[in-house]
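Peer 1: My structure is below; once you've seen it, I'll send some questions.
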């Protein structure tokens, strides 16, 4: 099985981290292909950058040559997943929804700890649209920007742990979702410190994508995610 | 006052229709500038095309030279408004929300009559995110594609009227919103046939944009729509 | 165009303040007529007074002689708007909903800062019925009674600013609505202090009422707001 | 124990029917006092009439001389209950909420069958505000006006039964609430025909009011229903 | 009239307290029969114990010999009420819903003060399923286990009062429900201390059960609570 | 890895079918152990039987000797999962939620096709509590009892296909969940007939259980699913 995992920003090192994290849980027979968008922001922390990422991810996936069985969009709370679902037949898994789906199997309420406060409403809106917000206790910001996670890993862990504990105590969360693709690999550390299960979106998405493929399940094509009608499109696929 | 009204598709004639409709209700001192995206689909009828339109609209607005007081995004149920709100200080009005906002002042429940069935979930989701879905009785599809509205105007009117009447009788709607920028100008015709107020998103958006400008109200910059942080962005602005 | 703006309490000076505020944003060709109910409380701060105001407003509007194009009910969170909509063909705009409608175009969440804590549930209920509560971050009380706003303007500003800032910081509001007709004129002051857009219901309602009239939109008469059936009514219109 | 049961319209014969129905289930030691408003419509079938009834009911109760232990407002889906709760210390029970409260103990979902279609949204809104709408399968109109219930009792029963059966079959209601004070006494007849429990609001309200009195429970006075502040009120109490 | 009131735990002394409390408000002609399950936990403070209680209560009721008119399940937030409703024709009243139903007649929002924090989600879930959660301000834990209520009555009162006051001040509750059958009898004490009406589930359930019987209302048998189909059941009724 | 999959009814042949279905998708290294409750109904089609199943499943799992890594409760819409989560440290997956979780990754809305109409409210309630009901288009009954699925497989397929197609056309479902453990194995047949993805709860649960185990994720023990407190429990574990 081959799974494409697409970063939402243009920072190659983050694509590598994400792909590595994905490989750490993938089945031996699963090949993980990490992809970096050809355009967009070095980190995605808001709607403009996220919308740009949405089509950059579609552009990157559509320009990938060769077969694959599933696609993972590795941005937390980002736009675009529905577009990929229209363009593809294979399953598309967003790490935001993947983390929430598994978290809901582990506790009565879950919380998300993300990067900057400005991204909180995006994440909440994406969880609402995905239909998994009902049992979300809170989305909390650590105050660390996406790129700062890599730069200051120790400070990042402290900041995330602090919010995770607040989420458990004040918001009554029983499970924590790591709200950024760049937090991949921190789950066990946070779990030990916060005392509750911690779900990383990337590994959750790998498990779910493999599950869907194994069960022979594909995106429904009857209505919302039907293949786009043939029509004249100017400037697509992008040639940059 | 100058208001930019941006079409979401690349069909110039539709931009003209929309701008003309906008001018028909604008104050004498308001200048309406119609803009067509430089890339994207000739009509937007789904998520992929809508996401592409989202950045094409941002691209077009950002490359517009000269001052303006407000921006109207003239696509029904499309993505992208939040991105524009981050990039700009002036008010941004989406015709989907504009129509719903005024409709809610006129009746207990409103319905939307749109083009193809596949766009219904997008519109519902956008209404939910905008916080104006609670009193939406239904979103109904006329079965007419966006471009067919121009091509077969009489059949379009029949199809829209039919669904409008169904919405009133079955779904208990008391007001109808025209769910496509390309329906601009049909409101009075439909109103006469369906017997209820009909709100056209384009004219509603012009009135609301002028209102916001007149009251000195601008997009809040404290959180969700804060200006994007300065960072490295590859391939933006687009050079096609 | 002539717009009737009806105060909900019997304090004439407040009617004047409201009408003056309305005139400050009305189009030059719009005539604003301020009306004071013939009976009711000097200030409306609860359900009993609000119900009394509901019919006092209807009584005052129905006894007004001469044509008009729209009616504004200038009480925040008060009962009665639906009754006016049944009795009239012209648009009826309530300042509670007007403020919320415009606030939702400016930020992801809005808060209302009102007078006394006891009025908070009324306002919340009215926002719910109006279908604009989903994105309401909070309704907060300044602790100042309606008449104290006029009597102690400086203390009022301080108290409102304090709650506005709390709403932004704690409740994550991005826009503030001034939750009392008697706060008319304070919007710019509060905006400067709180750092977010501030929407005043009276000016918002004027802009919306003018918008509806300009667009030729009237209250739907098919169901909820159909004209009352002819029937025997004792003691109406009131003769006091 | 003495319970005041107040009709919302000015039709004396309906007050008598309601009071008689109340007496049929009241405890032997409970005295039922039927009251008719001094002003208002002969039947209440919409917002204007309902708002008028709201204060007419308050006027009638406040002008009643002598002690009493509870008040029942005997209009289905009408405004005003919150005002009475502010003015009084004794419990106030609205027949709309009383019927729903008991219905929810008897089945998974309940439906309301009321008079005219135009009153359906009022009833839905009142059920929402009362917090008992979640398990409401539907509110259906029989098409019979309030006064027609008395005039054409047989046709009324047929029309109500028809809608009750539709509610059970199509809307999956398991219990029916009779949605008009004027339907008092029809419950057993409808029950036999529709095959599900039928709750009459008047008798439900009597049982609940007696329950509250017996348990020594009174309206909370800490916030929403606190006694109105002392202030100048023009024209109240009404002198007609 | 004979009402069975079934404790959910196996502590006989608690059954007696509950039955005594029930008798204190029952009509003179009502006979209250207290029943203790034949198996299960000495106190119910979680899902496992609550599920066990669900069938233990059914087992106890089904093995009761002799006629009765209604059944009260006297556990706060426990599973099982729907099963009893299937097995019986007479009304079944759960104290959780009974308390909420009456509380909603007394104030705009109510709060529940219960025993241990771990039971809060169960109570919230039961209130949601019962359709009476909308106006629930909060469910708060006193930190006292069920059996500690009997053992340390003074400490229990202090802990409950503390949370009741917090619920009023912070969560804006206007009525308090006592969230444990073992709190029976504390209502007046808490009411005096917290300054708001306090509803005890046991007495509320007695009043409601008597009301239903008096009105001739029984559980609907058309769908959810239809009598179980005849089928082979191993090990039921339990013989321990 | 060893996964226990527990039937909710006492029909051994159904346990075998379920276990066989589970094995068909399990990883080669996963051992599937099918368990049949020691007591309860031969089929579970309502609340009484479902509550009985809840503890029968707990009884069976707790009396299983030997290690295991996860437990699957193989009843659609049944009670009890929360109890198992308290008693165990390993993940517990309910097929109702498993199917919904995967379905939500494949389409905008899903529907459930189940057995008898009387079980529909149970399923809806379980989906609500699980937080996955928001995107449920409908739950539809095929009219076939649980045991009839085995007895009349052809009629069952026809009845399920009919409802699946109705769900797609009328309710706008884009994915179908098979709403009964006894429908295991029918997914491909239904998929071919209905033209949309069909999710079988048993195989979905196996994939999710394996996923959780592989990712090292376990049930949170901080609040709702904390291990029961040590206390005196009469008659447990059951000895029948």
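The values are calculated or read from the model by the stated rules, or taken from the named source; none is laboratory data. Keep in mind the model is a prediction, meaning the values are calculated, not measured. Don't worry about glycine lacking a Cβ; one is built from the backbone with ideal geometry, like all the others, and counts go over all protein chains shown.
Peer 1: Only one of (1) without any contact (Cβ under 8 Å) to a residue 24 or more places away in the chain; (2) surrounded by fewer than 20 Cβ atoms within 10 Å (Cβ to Cβ); (3) closer than 30 Å to residue F:191 by Cα is not met by residue A:228, so which one is it?
Peer 2: (1)
Peer 1: Starting from region B:23-40, keep only residues that are within 14 Å of chain A (Cβ to nearest Cβ), then list their pairs with residues that are in a strand (DSSP E or B) whose Cβ atoms are within a distance under 7 Å, requiring at least 6 positions of separation or different chains.
Peer 2: B:36/B:7; B:37/B:7; B:39/A:234; B:40/A:233; B:40/A:234
Peer 1: Could you tell me which of the residues B:61, B:57, B:71 is crowded, with 24+ Cβ neighbours inside 10 Å and within 18 Å of residue A:49 (Cβ to Cβ)? Steps first, please.
Peer 2: Working: B:61 fails: crowded, with 24+ Cβ neighbours inside 10 Å; B:71 fails: within 18 Å of residue A:49 (Cβ to Cβ).
B:57 is the lone residue from the list that is crowded, with 24+ Cβ neighbours inside 10 Å and within 18 Å of residue A:49 (Cβ to Cβ).
Peer 1: All but one of (1) within 25 Å of residue E:226 (Cα to Cα); (2) outside the structural domain of residue E:133 (by TED's automatic domain parsing); (3) not in a loop (DSSP other than H, G, I, E, B) hold for residue E:101; which doesn't?
Peer 2: Of (1) within 25 Å of residue E:226 (Cα to Cα); (2) outside the structural domain of residue E:133 (by TED's automatic domain parsing); (3) not in a loop (DSSP other than H, G, I, E, B), only one is false for residue E:101: (2).
Peer 1: Let me ask something else about it. Against the condition touching a residue at least 40 places away in the same chain (Cβ under 8 Å), assigned by TED's automatic domain parsing to the domain that holds residue D:184 and either surrounded by fewer than 22 Cβ atoms within 10 Å (Cβ to Cβ) or closer than 19 Å to residue D:191 by Cβ (or both), how does residue D:119 come out, does it pass?
Peer 2: Answer is no for this residue.
Peer 1: Identify, by number, the condition in (1) within 30 Å of residue E:45 (Cβ to Cβ); (2) crowded, with 24+ Cβ neighbours inside 10 Å; (3) in contact with a helix residue (DSSP H, G or I) (Cβ under 7 Å, 6 or more places away or on another chain); (4) free of Cβ contacts under 8 Å to residues at least 24 places away in the same chain that residue F:211 doesn't meet.
Peer 2: (1)
Peer 1: When only residues in region A:87-98 that are within 11 Å of another protein chain (Cβ to nearest Cβ) and assigned to a helix (DSSP H, G or I) count, which is surrounded by the most Cβ atoms within 10 Å (Cβ to Cβ)?
Peer 2: Per the criteria, the residue is A:98.
Peer 1: How many residues are at the interface with chain E (Cβ under 10 Å from one of its Cβ atoms) and under 25 Å from residue E:143 (Cα atoms) if we restrict to region F:226-240?
Peer 2: Just the residues of region F:226-240 that are at the interface with chain E (Cβ under 10 Å from one of its Cβ atoms), to begin with: F:226-229, F:231-236, F:238-240.
Then drop every residue that is not under 25 Å from residue E:143 (Cα atoms), which leaves F:226-229, F:231-234.
Total meeting the criteria: 8.
Peer 1: Now for a different question. Among F:83, F:77, which is the only one that is more than 24 Å from residue F:186 (Cβ to Cβ), surrounded by 24 or more Cβ atoms within 10 Å (Cβ to Cβ) and not assigned by TED's automatic domain parsing to the domain that holds residue F:184?
Peer 2: F:83
For every residue, the table says whether it meets (1) without any contact (Cβ under 8 Å) to a residue 12 or more places away in the chain; (2) surrounded by fewer than 16 Cβ atoms within 10 Å (Cβ to Cβ); (3) closer than 30 Å to residue A:224 by Cα.
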residue: A:124; (1), (2), (3): no, no, yes
residue: A:130; (1), (2), (3): no, no, yes
residue: A:135; (1), (2), (3): no, no, yes
residue: A:139; (1), (2), (3): no, no, yes
residue: A:149; (1), (2), (3): no, no, no
residue: A:154; (1), (2), (3): yes, yes, no
residue: A:157; (1), (2), (3): no, no, no
residue: A:173; (1), (2), (3): no, no, no
residue: A:177; (1), (2), (3): no, no, yes
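Yes or no, residue by residue, for (1) closer than 30 Å to residue D:148 by Cβ; (2) modelled with pLDDT of 95 or more; (3) not assigned by TED's automatic domain parsing to the domain that holds residue C:144:
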position	(1), (2), (3)
C:175	no, yes, no
C:178	no, yes, no
C:184	no, no, no
C:219	yes, yes, yes
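Peer 1: Can I ask one more? State all residues of region D:118-135 that are part of a helix (DSSP H, G or I) and closer than 30 Å to residue E:133 by Cβ; if no residue qualifies, say none.
Peer 2: Once the filter is applied, which keeps residues that are part of a helix (DSSP H, G or I) and closer than 30 Å to residue E:133 by Cβ, region D:118-135 yields D:119, D:120, D:121, D:122, D:123, D:124, D:125, D:126, D:127, D:128, D:129.
Peer 1: Any residue in region F:154-163 that is touching a helix residue (DSSP H, G or I) at 6+ places or on another chain (Cβ under 8 Å) and either on the phi > 0 side of the Ramachandran plot or in the same structural domain as residue F:27 (by TED's automatic domain parsing) (or both)?
Peer 2: From region F:154-163, those touching a helix residue (DSSP H, G or I) at 6+ places or on another chain (Cβ under 8 Å) are F:155-157, F:160-161; that's our starting set.
After this cut, where a residue has to be either on the phi > 0 side of the Ramachandran plot or in the same structural domain as residue F:27 (by TED's automatic domain parsing) (or both) as well, the list is none.
No, because not a single residue in region F:154-163 is touching a helix residue (DSSP H, G or I) at 6+ places or on another chain (Cβ under 8 Å) and either on the phi > 0 side of the Ramachandran plot or in the same structural domain as residue F:27 (by TED's automatic domain parsing) (or both).
Peer 1: Now for a separate question. Please go through region B:41-86 and give me each residue that is within 14 Å of the chain's Cα centre (by Cα) and at the interface with another protein chain (Cβ under 7 Å from one of its Cβ atoms), ordered by number.
Peer 2: B:43, B:45, B:54, B:79, B:80, B:82
Peer 1: What about residue F:106, is it more than 14 Å from chain E (Cβ to nearest Cβ), surrounded by 20 or more Cβ atoms within 10 Å (Cβ to Cβ), in contact with a strand residue (DSSP E or B) (Cβ under 7 Å, 6 or more places away or on another chain) and in contact (Cβ under 8 Å) with a residue 60 or more places away in the chain?
Peer 2: In short, yes.
Peer 1: Now for a separate question. Only one of these conditions is not met by residue F:111: (1) within 23 Å of residue F:22 (Cα to Cα); (2) within 14 Å of chain A (Cβ to nearest Cβ); (3) surrounded by fewer than 20 Cβ atoms within 10 Å (Cβ to Cβ). Which number is it?
Peer 2: (3)
Peer 1: Hey, among F:132, F:161, F:93, which residue is in contact with a strand residue (DSSP E or B) (Cβ under 6 Å, 6 or more places away or on another chain) and at pLDDT 95 or above?
Peer 2: F:93
Peer 1: Oh, and also: From D:71, D:57, grab the single residue that is on the phi < 0 side of the Ramachandran plot and part of a helix (DSSP H, G or I).
Peer 2: One residue alone meets the criteria, D:57.
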